[in-house]
Amino acid sequence: MRGFLLNRLSQSLVLLLIVSVIGFVVLNLIPGGPLAQFGLDPSMTQDDLNRLKEQLGLNRPLWLQYLDWAWRLVQGDWGHSFRDGTPVLDVIGRHLVATLLLMGSSTVIAIAIGTWIGIRGATHRYSVFDYLATVGAMVALSIPTFWFGLVGIYVFSLRLGWLPAGNMYTIGDGSVLNHIHHLILPSIVLALVHVAIWSRYMRTATLDVISQDFVKTARAKGLSERRILMKHVVGNALLPMITLAGMQLPSVLTGALVTETVFTWPGMGRLFLDSLGYSDYPVVMGLLMFSAILVVLCNLIADIVVAIIDPRIRLS
Amino acid sequence: MAASIQASAVEKAALSVRGLTVDLPEGMERAHAVENISFDLKRGQILCIIGESGSGKSVTANTIMGLLPKLISVSSGAIHLDGAAIIGASPQVLRGLRGRVVSMIFQDPLSALNPLMTVGEQITEVLTAHGVGTKASRRSRALELLTEVGLPDPELMYHQYPFRLSGGQRQRVMIAMALALEPTVLIADEPTTALDVTTQAQILKLIRDIQRRKGMSVMFITHDFGVVAEIADSVVVMEKGRVVEQGSAEQVLKSPTHPYTQRLIAAVPHLTGKDRAPQEKAGKETILKVEGLAKTYRSGSTLFGSQRVVPAVKDVSFELAAGRTLGIVGESGSGKSSLGRLLIKLQDSDAGRIHFDGRDIAKLPESEFRPLRPQIQMIFQDPFASLNPRSTIGQILTVGPVAHGMPYHQAREEARALLAHVGLDAGAFGRYPHEFSGGQRQRIGIARALMFKPRLLIADEAVSALDVSIQAQILKLLDQIQRETGVSMIFITHDLRVASQICDEIAVMQRGRIVEHGPPSQIFLDPQSAYTRELVAAIPGERPRSARAAAAND
């Protein structure tokens, strides 16, 4: 187990290194560079630009810029925003909670509903429910998230007036209830596509397990169908799903970025778009590294959880 | 009058099946899985149901357990289990009977236990499901059962997960589970088929001992007449869903009346104890000489010190003369299949030499070995997995020789000729593997190997997946091919009876080493090593005959 952990940890570090190099290089390949926006500003002279370049260290060769940036990153200094000079970690921190709230709630919804639909679809295969679930999943998968967002706003905010159309809370009302009220629509919209994916995988995993010999053994022992399902089927079916949950995280993150834009949610998604627009490279790189670390971490956690649950890995 | 006789028979029997017909869904190869079958399992007896694959024996067992898949349904007949009617009983009633009045053990102990639950949990679950005992009493009952089925250190075993246990141990756990509530009837569905021969002997003995001790009634499903001779009191022979013969074990084994039974019994390979007649074409020259061959498997990473080292083949040496057949016999994990893969260079050996036709091929790089590859061919175990389902038989046969430079039209002609030779009609050329039965596919596998005109054939468990009657045909075919072409053969098998049919000499492997090497007469009648003696003694169905012979000599 310790060897396994060390192994996975060292793999993760190598992965982060590769991500950082590719991200840094690709970002600097974009024509114009971080100071291009000032080129159109008549009040900036070439001297001003050169001085700015000197100040920000942008006149050094790229590899040196990278090493400098990476070295500071390791030490905990993620750099400062080009826009207003705030430390990058502070900028991310301000937007982090909003995004995690959205991702967390929609993941819980997706897993809970997806697991239920998947298991029911497998135990009632080819029933009306199963067909509806299949068709529903196809629809959810083939329609983009922003469309669901817009339709959701139209129906539930404009027509019915049940839910707010955007923002995280009403200004002047910071109560938990008000936050939850604002959270409902965006988290459901973000969850839709993941409910679809999760339920399909869960259905297949459950069908796999149901046809295994040990389920037949359980029946031969005279166990009730309910106990067979809860004790023998679900546990074994969820094992591969844990790994899937870890792998699904990047797509939840991407989905969150779109959803945040539709619902003017003050999270990292909007920060990312804004920072790209302003060529705020330190913040963009910071966000990139932050999401990479998040993804790697979640996959690591998924692997560890599987190892803890599965005695074949835990004890060998 | 007749009705009263029938009623009393039903009462006496632990299990009685009358006129049972089970329908298959439409579009299957026959309308009924089983058709109008009747038999009784008398109290305190072992009834063997024997038949080849597709005979309906497992469907019968599942019907009794009330575990038929939804698509298959009983259309008529009656089953009485300890006096209670099964057919038409509600799911709740059936569930109450399962595990309490009737229990079942399955063929593959590796997949029949839940990998995420400890052995103890899985045993106590039977008691919990039927509301028996308290937590403490269930635990002590589980420990008692683990002791009863002969598992070492029950306390430790209780907390063990199945993956830590060997196949034989897992089957013992299955038996412990089945015995938990002392059922009237135990159904065993090929419980020893997936096990090694020595483990099989132990499990058979365990089942028989427990059955005698408890006076239990056992319905034992098997395809092996050796097993029948070992444990059966009475026998039901099934063919294509019908009962073709039934009676006492003695009567059915000694004087079978139905032609199918006679054919089955005749097809069972027996230890001949006689050496094979030497081949006319067998030469004196050595085609294969192996010296000190070794292979060790390493898994895991060396970096973090968690490497697993498994020595698979240790210091193996032997010689094979041209035109002769060497049997390599051993149990699972003995290294026999690893040895086969080393010889055909699917894997590189760690040490030792393989002289093929006077040339050491062990260290030859792939590029230099490639021209020799056609001369050494392999026949694989699983005729279903070893043929590409998307290729026609013609493509399967010709692709190899064409890759080695044979013109296509010539390859095609030879393929057609070979198909006829291995007993298939030439029309097979354009068809796909799924259109053939297991035995036919194995013929195709043999034809594929022969396309290269090999000088050495390596057959890895080539008949193990086949029914006995098909097995006999394939062995005959291999023998005929060797007589015609003078090809040398290495025949890897776990089944000593099969080895005795076809081999000129036999090497017995145990834990990577050859522990004994000699002609069949020596191996079977005068084994030199203790392990070989153990193996030979464990062969089901042979002991009674030799015991009879010994008695006759007295």
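The values are calculated or read from the model by the stated rules, or taken from the named source; none is laboratory data. On a predicted model such as this, the values are computed, not experimentally measured, just so you know. Glycine also receives a Cβ, built like all others from the backbone with ideal geometry; neighbour counts cover every protein chain displayed.
If we keep just the residues of the stretch A:277-303 that are touching a residue at least 60 places away in the same chain (Cβ under 8 Å) and over 19 Å from the mean Cα position of the chain (by Cα), which is farthest from A:Pro34 (Cα to Cα)?
By that ranking, first place goes to A:Pro282.
State whether one or more residues within the stretch B:302-325 are at pLDDT 85 or above, within 25 Å of the chain's Cα centre (by Cα) and under 22 Å from B:Leu478 (Cα atoms).
Yes, the stretch B:302-325 contains a residue that is at pLDDT 85 or above, within 25 Å of the chain's Cα centre (by Cα) and under 22 Å from B:Leu478 (Cα atoms).
Tell me the residue from B:Thr184, B:Thr193, B:Thr134 that is touching a residue at least 12 places away in the same chain (Cβ under 8 Å) and surrounded by fewer than 19 Cβ atoms within 10 Å (Cβ to Cβ), please.
Working: B:Thr184 fails: surrounded by fewer than 19 Cβ atoms within 10 Å (Cβ to Cβ); B:Thr134 fails: touching a residue at least 12 places away in the same chain (Cβ under 8 Å).
One residue alone meets the criteria, B:Thr193.
For the stretch B:230-252, what are the residues that are under 20 Å from B:Arg497 (Cβ atoms) and out of contact with any helix residue (DSSP H, G or I) (no Cβ under 6 Å at 6 or more places or on another chain)?
Across the stretch B:230-252, the qualifying residues are B:Ala249, B:Val252.
Scan (1) at pLDDT 90 or above; (2) in contact with a His (Cβ under 8 Å, 6 or more places away or on another chain) for the single condition B:Arg242 breaks and write down its number.
Condition not satisfied by B:Arg242: (2).
Any chance the stretch A:5-22 includes a residue that's surrounded by 11 or more Cβ atoms within 10 Å (Cβ to Cβ) and farther than 30 Å from A:Val306 by Cα?
Yes, because at least one residue in the stretch A:5-22 is surrounded by 11 or more Cβ atoms within 10 Å (Cβ to Cβ) and farther than 30 Å from A:Val306 by Cα.
Please determine whether any residue of the stretch B:92-113 is facing chain A (nearest Cβ under 8 Å) and among the polar types (S, T, N, Q).
Scanning the stretch B:92-113, I find at least one residue that is facing chain A (nearest Cβ under 8 Å) and among the polar types (S, T, N, Q), so the answer is yes.
Could you tell me which residue of the stretch B:61-85 is nearest to B:Thr222 (Cα to Cα), considering only residues that are assigned to a loop (DSSP other than H, G, I, E, B) and touching a Leu at 6+ places or on another chain (Cβ under 7 Å)? Talk me through it step by step, then tell me what you get.
In the first step, residues of the stretch B:61-85 are kept if they are assigned to a loop (DSSP other than H, G, I, E, B); the result is B:66-72, B:82-83.
From what is left, the residues that are touching a Leu at 6+ places or on another chain (Cβ under 7 Å) are B:66, B:72.
Details: B:Gly66: 20, B:Ile72: 22 Å.
Per the stated criteria, the residue is B:Gly66.
Yes/no per residue for (1) assigned to a helix (DSSP H, G or I); (2) over 19 Å from the mean Cα position of the chain (by Cα):
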residue: A:Trp162; (1), (2): no, yes
residue: A:Gly166; (1), (2): no, yes
residue: A:Gly172; (1), (2): no, yes
residue: A:Ile180; (1), (2): yes, yes
residue: A:Val193; (1), (2): yes, no
residue: A:Ala196; (1), (2): yes, no
residue: A:Ser199; (1), (2): yes, no
residue: A:Thr204; (1), (2): yes, yes
residue: A:Leu207; (1), (2): yes, yes
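Looking at the structure I just gave you, is B:Ala420 of a type outside the set (S, T, N, Q) and surrounded by 20 or more Cβ atoms within 10 Å (Cβ to Cβ)? Break it down into steps so the answer makes sense when it comes.
Working: of a type outside the set (S, T, N, Q): yes; surrounded by 20 or more Cβ atoms within 10 Å (Cβ to Cβ): no.
So B:Ala420 fails the test.
So which residues in the stretch B:496-515 are among the aliphatic types (A, V, I, L, M) and assigned to a strand (DSSP E or B), if there are any at all?
Going through the stretch B:496-515, the residues among the aliphatic types (A, V, I, L, M) turn out to be B:496, B:498-499, B:502, B:506-509, B:514-515.
B:Ile506, B:Ala507, B:Val508, B:Met509, B:Ile514, B:Val515 - these are the residues of the stretch B:496-515 that are among the aliphatic types (A, V, I, L, M) and assigned to a strand (DSSP E or B).
Out of (1) in a loop (DSSP other than H, G, I, E, B); (2) facing chain A (nearest Cβ under 7 Å), the odd one out for B:Met117 is which?
(2)
Which residues, taken from the stretch A:132-143, are of a type outside the set (A, V, I, L, M) and without any contact (Cβ under 8 Å) to a residue 12 or more places away in the chain?
Listed by number, the list holds a single entry, A:Ser142.
Identify, from the list A:Asp41, A:Asp77, A:Asp47, the residue that is more than 28 Å from A:Val258 (Cβ to Cβ) and surrounded by 11 or more Cβ atoms within 10 Å (Cβ to Cβ). Reasoning before the result, please.
Working: A:Asp41 fails: surrounded by 11 or more Cβ atoms within 10 Å (Cβ to Cβ); A:Asp47 fails: surrounded by 11 or more Cβ atoms within 10 Å (Cβ to Cβ).
After ruling out the rest, the residue left standing is A:Asp77.
Looking at B:Thr198, is it under 30 Å from B:Tyr531 (Cα atoms), buried (at least 23 other Cβ atoms within 10 Å of the Cβ), out of contact with any Cys (no Cβ under 7 Å at 6 or more places or on another chain) and away from chain A (no Cβ under 13 Å)?
Working: under 30 Å from B:Tyr531 (Cα atoms): yes; buried (at least 23 other Cβ atoms within 10 Å of the Cβ): no; out of contact with any Cys (no Cβ under 7 Å at 6 or more places or on another chain): yes; away from chain A (no Cβ under 13 Å): yes.
No; evaluated as a whole, the condition is false for this residue.
Return the only residue of B:Glu461, B:Glu516 being surrounded by fewer than 22 Cβ atoms within 10 Å (Cβ to Cβ), at pLDDT below 90 and either hydroxyl-bearing (Ser, Thr, Tyr) or not assigned by TED's automatic domain parsing to the domain that holds B:Thr198 (or both).
Working: B:Glu516 fails: at pLDDT below 90.
Only one candidate qualifies: B:Glu461.
Among the residues of the stretch A:206-223, how many are among the polar types (S, T, N, Q) and at the interface with chain B (Cβ under 7 Å from one of its Cβ atoms)? Spell out the reasoning first.
Initial filter on the stretch A:206-223 (among the polar types (S, T, N, Q)): A:206, A:211-212, A:217.
From the residues that got through so far, the ones that are at the interface with chain B (Cβ under 7 Å from one of its Cβ atoms) too are A:212, A:217.
Here the count works out to 2.
Mind listing whichever residues of the stretch B:155-167 are crowded, with 20+ Cβ neighbours inside 10 Å and either within 16 Å of B:Ile203 (Cβ to Cβ) or more than 11 Å from chain A (Cβ to nearest Cβ) (or both)?
B:Met157
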